[in-house]
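Note sheet for the following structure.
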Ligand SMILES: C[S@@+](CC[C@H](N)C(=O)[O-])C[C@H]1O[C@@H](n2cnc3c(N)ncnc32)[C@H](O)[C@@H]1O
């Protein structure tokens, strides 16, 4: 695919948080910055609102949600708080590839029995077909290899029941987004998050590439429906 002049070339440079050699304190700093930015940019509110638009809370059993690339399990915790406020039952699985990050997440989820943390790969989800009412992901698509993008959407689709929701939010690669992110990250985040933030944008899909990936998934119910300040795009839909 030819890229437009406003799209920089895609990098395969790794993010520091993904490297086993990065000191643990730095990984933690980076993850805490992600947490702070998500709060600052109201990411959780948008994700929860979108989820509720796409899936109906089941009667007589808990809502089952999968959060892929869960990091410090902020999204699972936000989901549980929402369910508790509504007096409704929920079960959330937070899945992540990185065992060190999951260890930290487990400290944050000690008072959330509704959350189960699982180590696993987004490209081979260790769950039965149709198990979840919703499968979502925020800021992890750009961590995946190019040949995994289509499969990732298909994996999310596989583990969701008909009538359930699939949602994927991520960054969009463009010169403009890099230019806007630099001063913003410098103002609000640590050095590791400044590095990984820019690398993340340069690893992310461009708008054209996302359209192409979605077309190749064969999942016509998925729509790019909202431009978020943090995630920059959100693809969502209700599985028919
Ligand atoms: C930038 S963090 C986002 C954390 C969280 N979703 C949020 O928005 O706060 C990306 C997470 O994706 C995880 N990740 C990267 N590749 C993955 C894969 N193949 N399968 C599952 N998780 C992955 C990383 O370990 C990291 O915790």
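The values are calculated or read from the model by the stated rules, or taken from the named source; none is laboratory data. Since the model is a prediction, treat every value here as computed from it, not as a measurement. Cβ sites come from the backbone with ideal geometry, for glycine too, and all protein chains shown count toward neighbours.
Can you pull out the residues in region 57-76 that are at negative phi and in contact with a strand residue (DSSP E or B) (Cβ under 7 Å, 6 or more places away or on another chain)?
Going residue by residue through region 57-76, those that are at negative phi are 57-59, 61-68, 70, 72, 74-76.
Within region 57-76, 57, 58, 62, 63, 64, 65, 66, 67, 68, 70, 75, 76 meet the criteria.
The listed residues are 33, 12, and the only one of them that is part of a loop (DSSP other than H, G, I, E, B) and either within 16 Å of the ligand (Cβ to nearest atom) or touching a helix residue (DSSP H, G or I) at 6+ places or on another chain (Cβ under 8 Å) (or both) turns out to be 12.
Restricting attention to region 90-107, which residues are out of contact with any strand residue (DSSP E or B) (no Cβ under 7 Å at 6 or more places or on another chain) and either under 24 Å from residue 130 (Cα atoms) or part of a helix (DSSP H, G or I) (or both)? Write out each step before concluding.
Quick first cut of region 90-107, residues out of contact with any strand residue (DSSP E or B) (no Cβ under 7 Å at 6 or more places or on another chain) only: 98, 100-101, 103-104, 107.
Hits for region 90-107 are 100, 101, 103, 104, 107.
Looking only at residues of region 179-216 that are outside any helix (DSSP H, G or I) and out of contact with any strand residue (DSSP E or B) (no Cβ under 9 Å at 6 or more places or on another chain), we find that the one that is nearest to residue 13 (Cα to Cα) is 206.
Would you say residue 111 is part of a loop (DSSP other than H, G, I, E, B) and at pLDDT 95 or above?
Taking the combined requirement at face value, the residue satisfies it.
If you take the residues in region 127-139 that are within 14 Å of the ligand (Cβ to nearest atom) and over 18 Å from residue 116 (Cβ atoms), which one is surrounded by the fewest Cβ atoms within 10 Å (Cβ to Cβ)? Before you say what the answer is, go through the steps one by one.
Of region 127-139, the ones within 14 Å of the ligand (Cβ to nearest atom) are 127, 135-139.
If we keep only those that are over 18 Å from residue 116 (Cβ atoms) as well, we get 138-139.
Values: 138: 26, 139: 22.
Out of the qualifying residues, it is 139.
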